[in-house]
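> This is the structure I want to talk about, given as structure tokens.
The values are calculated or read from the model by the stated rules, or taken from the named source; none is laboratory data. Note that the coordinates shown come from a computational prediction; the quantities given were computed from them, not determined experimentally. As a convention, Cβ positions derive from the backbone with ideal geometry for all residues, glycine included, and neighbour counts pool all protein chains shown.
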């Protein structure tokens, strides 16, 4: 079965639900011109077994490094092994080197899938295409299977939460910038490390989606952080530059 179309006509959630109900195996490709990005999701009998985003580094290595499980040196060592002909996946090499446990790899492989899929769930423009995948290599090697039903349920919860933020953050194209301090008001900033990382990226030029890419974070998580900063009047948001010019 090959299907394709614009996301304006059939939402990405409906596409996932269709593939789940039909227990399809194959590759779903989603493209967004507005984001200049592309996501790929592999299905096996309706379940998701792998997902990747071209410009958002939700890679296994990035997630393991962000969680403090591995170092840059260990990633470089594993990547060098692959470059020298080691056919194993990055996670398998890291386990063989003793850098992480297999349980860690499976946990963060699942998180990689969820991060990509939940980002895709926020796309309301672009195109999708699905084709039966005749190359079964990835499916056979898949160490993790995530039910589409669980992804849809969590995705719906996130969309509901994002809708409550939509009065201030209508989409991931908005540009946050530092707000001018109010005269006569002393301010005190108490932020967690992850919030400081987002604040450091706010320069009045980066869109919310750009910040997510740079931090290897989901647009949803960055939006929640930005929304919290808006509530304290630490920052403000503007429409994306293209929208502002209309």
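> If I ask for residues that are in contact with a helix residue (DSSP H, G or I) (Cβ under 8 Å, 6 or more places away or on another chain), assigned to a loop (DSSP other than H, G, I, E, B) and farther than 30 Å from residue 9 by Cα, which ones from segment 92-127 would you list?
Selection gives 97, 99, 100, 101.
> Would you point out which residue out of 55, 14, 72, 20 is over 23 Å from residue 97 (Cα atoms) and at pLDDT below 90?
Numbers: 14 fails: at pLDDT below 90; 72 fails: over 23 Å from residue 97 (Cα atoms); 20 fails: at pLDDT below 90.
Answer to the check: 55.
> For segment 163-173, give me each residue that is under 18 Å from the mean Cα position of the chain (by Cα) and under 15 Å from residue 231 (Cβ atoms).
169
> Out of segment 11-43, which residues are in contact (Cβ under 8 Å) with a residue 24 or more places away in the chain and over 20 Å from the mean Cα position of the chain (by Cα)?
The answer is 19, 20, 21, 22, 24, 25, 26.
> Oh, and also: Name the one entry in 89, 103 that is under 28 Å from residue 212 (Cα atoms), surrounded by fewer than 14 Cβ atoms within 10 Å (Cβ to Cβ) and under 23 Å from the mean Cα position of the chain (by Cα). First the steps, then the outcome.
On the way: 89 fails: surrounded by fewer than 14 Cβ atoms within 10 Å (Cβ to Cβ).
That would be 103, the only listed residue that is under 28 Å from residue 212 (Cα atoms), surrounded by fewer than 14 Cβ atoms within 10 Å (Cβ to Cβ) and under 23 Å from the mean Cα position of the chain (by Cα).
> May I pose another question? Sort through 70, 10 and tell me the only one that's surrounded by fewer than 17 Cβ atoms within 10 Å (Cβ to Cβ) and assigned by TED's automatic domain parsing to the domain that holds residue 117.
Details: 70 fails: surrounded by fewer than 17 Cβ atoms within 10 Å (Cβ to Cβ).
Residue meeting the stated conditions: 10.
> Ok, one more. With the structure loaded, tell me whether residue 41 is modelled with pLDDT of 90 or more and under 15 Å from residue 116 (Cβ atoms) or whether it fails that test. Please lay out each step first, then the result.
Details: modelled with pLDDT of 90 or more: yes; under 15 Å from residue 116 (Cβ atoms): yes.
It is true that residue 41 is modelled with pLDDT of 90 or more and under 15 Å from residue 116 (Cβ atoms).
One line per residue, one yes/no per condition, for (1) without any contact (Cβ under 8 Å) to a residue 24 or more places away in the chain; (2) surrounded by 18 or more Cβ atoms within 10 Å (Cβ to Cβ); (3) assigned by TED's automatic domain parsing to the domain that holds residue 193:
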position: 45; (1), (2), (3): yes, no, no
position: 53; (1), (2), (3): no, yes, no
position: 75; (1), (2), (3): yes, yes, no
position: 94; (1), (2), (3): no, yes, no
position: 108; (1), (2), (3): no, yes, no
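> Related question: Name the helices (runs of 4 or more DSSP H) wholly inside segment 173-246 in which the number of residues that are modelled with pLDDT under 85 and over 30 Å from residue 59 (Cβ atoms) is 2 or more.
Details: elements: 193-201, 208-215, 219-231, 241-244.
In segment 173-246, the matching helices (runs of 4 or more DSSP H) lie at 241-244.
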